[in-house]
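All remarks here apply to the structure that follows.
The values are calculated or read from the model by the stated rules, or taken from the named source; none is laboratory data. As the structure is a prediction and not an experimental result, all values here were calculated from the model. Note: ideal-geometry Cβ built from the backbone for every residue, glycine included; neighbour counts use all protein chains shown.
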Amino acid sequence: MALIVITILIIYIVLTIWSWKNLGYIEKRKKIIYIALGLIITYILTLIIFINSKGDITYPNNEIEKVMQNILVILFTGVNACIIMPYIAKTLDKIHENEITKEKLITRIIVIIVVLAIIYVFEGEYIKSIQNGIINVIENLNK
């Protein structure tokens, strides 16, 4: 469990530094707001992926389900945010510095949507597989 917590902390530290740097010369208060909003939105999307991937999976009890949900959603929020937030931060910086055309902005938005769709599909199956694997381990331990 300690390894999972340390891994999650490292992911979020790297994410924050990377996003902060990519936000360029945007004022500090706005950087904090952008990073917080990005994490909140990513958390919500990851929670939706978890809930949809759960499907017909039945946990032995609600406590195990809550623990699994918390761990997986927090972990994958960090991973998802590392995939998408620095790119969005760089785009926001380019908008702030007036370095991006409308066409490039539209292209970047399309890239973000495509990446999110790919994440949604593959990650949903992966999270489902993890849940099934953990339930199998729990059931085998209880035999």
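Among Ile135, Ile57, Ile64, which is the only one that is touching a residue at least 60 places away in the same chain (Cβ under 8 Å), of a type outside the set (Asp, Glu) and not in a helix (DSSP H, G or I)?
Residue meeting the stated conditions: Ile57.
Among the candidates Ile95, Ile17, Ile112, single out the residue that is part of a helix (DSSP H, G or I), out of contact with any strand residue (DSSP E or B) (no Cβ under 9 Å at 6 or more places or on another chain) and modelled with pLDDT of 95 or more.
Going through Ile95, Ile17, Ile112 in turn, the sole match is Ile17.
Is there any pair with a first residue in the range 83-104 that is in contact (Cβ under 8 Å) with a residue 40 or more places away in the chain and a second that is outside any helix (DSSP H, G or I) whose Cβ atoms are under 6 Å apart and which are 6 or more apart or on different chains, and what are they?
Close Cβ pairs (under 6 Å, with a partner that is outside any helix (DSSP H, G or I)) amount to Ala89/Leu23; Asp93/Leu23; Asp93/Gly24; His96/Ile26.
For the range 1-19, which positions are in contact (Cβ under 8 Å) with a residue 40 or more places away in the chain, among the β-branched types (Val, Ile, Thr) and under 19 Å from Pro86 (Cβ atoms)?
Thr7, Ile8, Ile11, Val14
Which of the following residues is in a helix (DSSP H, G or I) and closer than 20 Å to Val115 by Cα: Ile35, Ile8?
Being in a helix (DSSP H, G or I) and closer than 20 Å to Val115 by Cα holds for just one of Ile35, Ile8, which is Ile35.
If you check every pair at least six apart or on different chains, which have Cβ atoms under 7 Å apart with a residue in the range 26-42 that is touching a residue at least 24 places away in the same chain (Cβ under 8 Å) and over 12 Å from Ile84 (Cβ atoms) first and a residue that is of a type outside the set (A, V, I, L, M, F, W, C) and surrounded by 12 or more Cβ atoms within 10 Å (Cβ to Cβ) second?
If the second residue must be of a type outside the set (A, V, I, L, M, F, W, C) and surrounded by 12 or more Cβ atoms within 10 Å (Cβ to Cβ), the pairs left are Ile26/Asp93; Ile26/His96; Ile35/Thr16; Ile35/Ser19.
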